[in-house]
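Trainee: Can you keep this structure in mind? I'll have questions shortly.
The values are calculated or read from the model by the stated rules, or taken from the named source; none is laboratory data. The structure presented is a predicted model; accordingly, all values stated were derived computationally and were not measured. Cβ sites come from the backbone with ideal geometry, for glycine too, and all protein chains shown count toward neighbours.
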Amino acid sequence: MQIDLERYKRQLSIKAIGKHGQQKLFNAKVLVCGAGGLGGPALIYLAAAGIGSIGLCDFDVIEQSNLNRQILYNHADIRKQKAYIAKEKLEKFNPDVKVETYSEKLTEENASDIFKNYDVVIDAVDNFQSRYLINAAAYRSSITIVCGAVCEFEGILTVAVPKENTSCFQCIYPIKPSSELTSKTFGILGAIAGTIGSMQALEAIKFILGLHCLKNKVLIFNGIENTYRIRSISKRKDCPICK
């Protein structure tokens, strides 16, 4: 498909992108796991940047309580399937982009089969059980992961690159928290999810372009103080995933 260069005019003027970089973005395949508070802004900015193939994995339906942070949806979308509504809106937003939906729960059995078709996986889910599953499946498939998480006024962000033997999400959280710790059990401000979700898209784009990204580092955002801290992460020798 011919790229509509006029659409990406402001990106093309960036020295680190240009026509060559834009072609890299268009050839890239990015999977977003979770089309909610994090996944929504990530999907929008991936589509805006001209990522040619976007996968979207979410089996949930839209609820009214989602609307304070899940900006892909509106009141008329309540009780509809997230994956299909998101696909429709993204393809209208940018016809250059092809969106593949997986309206099924991600499991140990199907994760590797889904992941193998992509260059980057964005972990935008809302519970630790799914995060560990995504982390393990991505390492098995040697696919880069961009992990983001939010709670109340705070968010974190990191990038794991199995092909470069970097540290992984489980190096940060070696002990699995309670399975009851989800977005349904703690508060989230929509603007915080929007901030981290947008940064997840940014990290995926930078990785595709071969630019500096948060490998072996974790960014911690405090929305009350408007501060960003970046800490180095060391691989854990006893990590069962990236050892």
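Trainee: Only one of (1) part of a helix (DSSP H, G or I); (2) modelled with pLDDT under 95 is not met by Gln2, so which one is it?
Mentor: For Gln2, the failing item is (1).
Trainee: Additional query: Looking at Cys171, Cys147, can you tell me which residue is surrounded by 19 or more Cβ atoms within 10 Å (Cβ to Cβ), touching a residue at least 12 places away in the same chain (Cβ under 8 Å) and in a helix (DSSP H, G or I)?
Mentor: Just a single option satisfies the conditions, and that option is Cys171.
Trainee: Give the residue, chosen from Leu5, Leu31, that is of a type outside the set (Phe, Trp, Tyr) and surrounded by 15 or more Cβ atoms within 10 Å (Cβ to Cβ).
Mentor: Of the residues listed, the single one that is of a type outside the set (Phe, Trp, Tyr) and surrounded by 15 or more Cβ atoms within 10 Å (Cβ to Cβ) is Leu31.
Trainee: In region 43-55, which residues are part of a strand (DSSP E or B) and within 17 Å of Cys147 (Cβ to Cβ)?
Mentor: Hit for region 43-55 is Gly55, nothing else.
Trainee: Any idea which of (1) surrounded by fewer than 24 Cβ atoms within 10 Å (Cβ to Cβ); (2) assigned to a helix (DSSP H, G or I) is the one Gly40 doesn't satisfy?
Mentor: Failing condition for Gly40: (1).
Trainee: When residues of region 198-242 are filtered for being closer than 22 Å to Ile14 by Cα, in contact (Cβ under 8 Å) with a residue 40 or more places away in the chain and outside any loop (DSSP other than H, G, I, E, B), how many remain?
Mentor: Residues that pass the stated criteria total 11.
Trainee: Residues of region 89-118 being among the β-branched types (Val, Ile, Thr), closer than 13 Å to Ile51 by Cβ and either outside any loop (DSSP other than H, G, I, E, B) or without any contact (Cβ under 8 Å) to a residue 24 or more places away in the chain (or both), which ones?
Mentor: Val99
Trainee: Follow-up question, since we're still on this one. Do we find that Ile145 is touching an Asp or Glu at 6+ places or on another chain (Cβ under 7 Å) and closer than 29 Å to Ile14 by Cβ in this structure?
Mentor: Yes: the conditions hold for Ile145.
Trainee: Could I ask something else about it? Identify, please: which residue in region 76-104 is closer than 23 Å to Val150 by Cβ and over 19 Å from the mean Cα position of the chain (by Cα) and is, among those, surrounded by the fewest Cβ atoms within 10 Å (Cβ to Cβ)?
Mentor: Of everything passing the filter in region 76-104, Ile78 is surrounded by the fewest Cβ atoms within 10 Å (Cβ to Cβ).
Trainee: Moving on to the next point. Any residue in region 220-235 that is within 16 Å of the chain's Cα centre (by Cα), within 25 Å of Ala47 (Cβ to Cβ) and either modelled with pLDDT of 95 or more or not acidic (Asp, Glu) (or both)?
Mentor: no
Condition check ((1) hydrophobic (A, V, I, L, M, F, W, C); (2) under 16 Å from the mean Cα position of the chain (by Cα); (3) assigned to a loop (DSSP other than H, G, I, E, B)) across all residues:
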site: Arg7; (1), (2), (3): no, no, yes
site: Ala16; (1), (2), (3): yes, no, yes
site: Lys19; (1), (2), (3): no, no, no
site: Leu72; (1), (2), (3): yes, yes, yes
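Trainee: So, of the residues in region 151-176 that are at pLDDT below 95 and of a type in the set (A, V, I, L, M), which turns out to be nearest to Leu219 (Cα to Cα)?
Mentor: Ile172
Trainee: Here's something else I'd like to know. When you check Ile54 against the structure, is it under 16 Å from Lys98 (Cα atoms) and either at pLDDT 95 or above or not hydroxyl-bearing (Ser, Thr, Tyr) (or both), yes or no?
Mentor: yes
Trainee: Next up: Kindly evaluate Ala83 against the criterion of being of a type in the set (Gly, Ala, Ser) and free of Cβ contacts under 8 Å to residues at least 24 places away in the same chain.
Mentor: no
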